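Enquirer: Before we start, here is the structure in question, set down as C-alpha cells.
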C-alpha cells in the first residue's frame, strides 16, 4: 500500500522528465529543419494538425464512457487554450529567436516557472505561507532555479574541450553573429516584445489548463480539440502573412520525420502529459521543469552535434537542478501537510461521534 502511494506521488515527476526529454529531441529536430528554410507557421500548422489526427481516435475510444458533455463554454476555453498555449505562443517565440538570438530567447523560456508562480497567486491557484517551511522552499527554489537558468543562458565561460572542430564551430558562430549584429540591433525591440508576449502566454496556458482540467477532465480529447483549433489558427495566420503555396511543400525525409515526430510526440503526448500533471500537481509544478529542456538538449548537442561545453553551462545546469529540487520538495511537503490536515480532521470527527450519540440518546430519553 505504501509502495503504491509512493509511486503515485513520484509519477508526475517522471512524466515531466519524459516530456522534457521529448521536447529536447524535438527542439534539436526543429533547429535542423528551420536552418534548412521551412516556414515557421507551416511547421506549427502541420505539427498541431498531426497531433490532432493522432489523438482524436485515442480520446474517442479511451474516454467515450467518462467524457462529459462538450458545451459551448468548454469549447471557448479550449479555443483560447489553443491561442495561448499552441499557435501564438510558438509563433512569438520563433519570432523572438529570429529577431534576437537563441540564447536570449532561452532566458525567457526558463523564467516561465517564476511568471507562472506570480500569475497563479492572484487567482489563488498557488498559496504561499511564509511561516511554513514548504512556502519558503517554494520561493527559494523558484529564485534559485531562475538564477541558474540565467547563468545557463547568459554566461558561457571557458570551454571544457579544446578540439579543432569545436573551435571551428565557435569561430563560425562568432563570425555569423558579427555579420548579423547590425540587423539584429535594429529588430531587437520587436524580438523582445515577442518574447515577453510568448512568455506571458505560455505561463497563462498553465493557469488556463488547470481550469479546463476541472471542467473537462479528458486529457486526450481536450488536447485533440485544442490542437485542432491551434492548427486552424496557425494556418489562417500563415495565409494572412504569405500567399505562396510552395511553402507548404515538405522537402526531404528530415522535414517529414520532424513534422510527424513533433506532432505525435512533441505536441500530442507532451501536451497530454502536461495537462495531466497540471491536474495532479498544479501549474507551477509543471512549469518548473521548463529549464530542464535546455539541459537535456545539451546532452544531445555535445555527442551528436559536437557542440562545445562551457563552464557557465555546467554551473547553470547544477544550480537549476538544485533550485528545482528545492521547489519540488516544497510542493511535496505542502501536499503531505494537506493530507495530514485532512486525516487529523477525520480523526477529530470520529472522536466526536460517540459524544454526539450520547447527546442524541439523552435528548430522546428526555423527550419520552
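The values are calculated or read from the model by the stated rules, or taken from the named source; none is laboratory data. The structure presented is a predicted model; accordingly, all values stated were derived computationally and were not measured. Cβ atoms come from the backbone with ideal geometry, glycine included; neighbour counts cover every protein chain shown.
Enquirer: Among the listed residues 30, 34, 41, identify the single one that is at pLDDT below 85, surrounded by 20 or more Cβ atoms within 10 Å (Cβ to Cβ), part of a helix (DSSP H, G or I) and over 14 Å from the mean Cα position of the chain (by Cα). Full working, then the answer.
Expert: On the way: 34 fails: surrounded by 20 or more Cβ atoms within 10 Å (Cβ to Cβ); 41 fails: at pLDDT below 85.
Residue meeting the stated conditions: 30.
Enquirer: Now for a separate question. Of the residues 179, 250, which single one is at pLDDT below 85 and more than 20 Å from the chain's Cα centre (by Cα)? Full working, then the answer.
Expert: Values: 250 fails: at pLDDT below 85.
That would be 179, the only listed residue that is at pLDDT below 85 and more than 20 Å from the chain's Cα centre (by Cα).
Enquirer: For residue 125, only one of the following conditions fails: (1) modelled with pLDDT under 70; (2) surrounded by 12 or more Cβ atoms within 10 Å (Cβ to Cβ); (3) not in a helix (DSSP H, G or I). What is its number?
Expert: (1)
Enquirer: Answer yes or no: is there a residue in segment 70-77 that is surrounded by fewer than 16 Cβ atoms within 10 Å (Cβ to Cβ), at pLDDT 85 or above and in a loop (DSSP other than H, G, I, E, B).
Expert: From segment 70-77, those surrounded by fewer than 16 Cβ atoms within 10 Å (Cβ to Cβ) are 70-73, 75-76; that's our starting set.
Then drop every residue that is not at pLDDT 85 or above, which leaves 70-73, 75-76.
From the residues that got through so far, the ones that are in a loop (DSSP other than H, G, I, E, B) too are 70-71.
Yes; the residues of segment 70-77 include at least one that is surrounded by fewer than 16 Cβ atoms within 10 Å (Cβ to Cβ), at pLDDT 85 or above and in a loop (DSSP other than H, G, I, E, B).
Enquirer: May I pose another question? Here are some residues: 85, 49, 96. Which one is assigned to a helix (DSSP H, G or I), modelled with pLDDT of 80 or more and either within 22 Å of residue 211 (Cα to Cα) or within 19 Å of the chain's Cα centre (by Cα) (or both)?
Expert: 85
Enquirer: Cβ-Cβ distance below 6 Å, separation of 6 or more or different chains: which pairs start in segment 207-234 with a residue that is at positive phi and surrounded by fewer than 24 Cβ atoms within 10 Å (Cβ to Cβ) and end on one that is part of a helix (DSSP H, G or I) and at pLDDT 90 or above?
Expert: none
Enquirer: Within segment 194-206, which residues are surrounded by fewer than 20 Cβ atoms within 10 Å (Cβ to Cβ) and at pLDDT below 85? Steps first, please.
Expert: Pass one, segment 194-206, residues surrounded by fewer than 20 Cβ atoms within 10 Å (Cβ to Cβ): 196-197, 200.
Within segment 194-206, just 196 meets the criteria.
Enquirer: Being at pLDDT 80 or above and buried (at least 23 other Cβ atoms within 10 Å of the Cβ) is the filter here, so list the residues in segment 102-122 that pass it.
Expert: Once the filter is applied, which keeps residues that are at pLDDT 80 or above and buried (at least 23 other Cβ atoms within 10 Å of the Cβ), segment 102-122 yields only 116.
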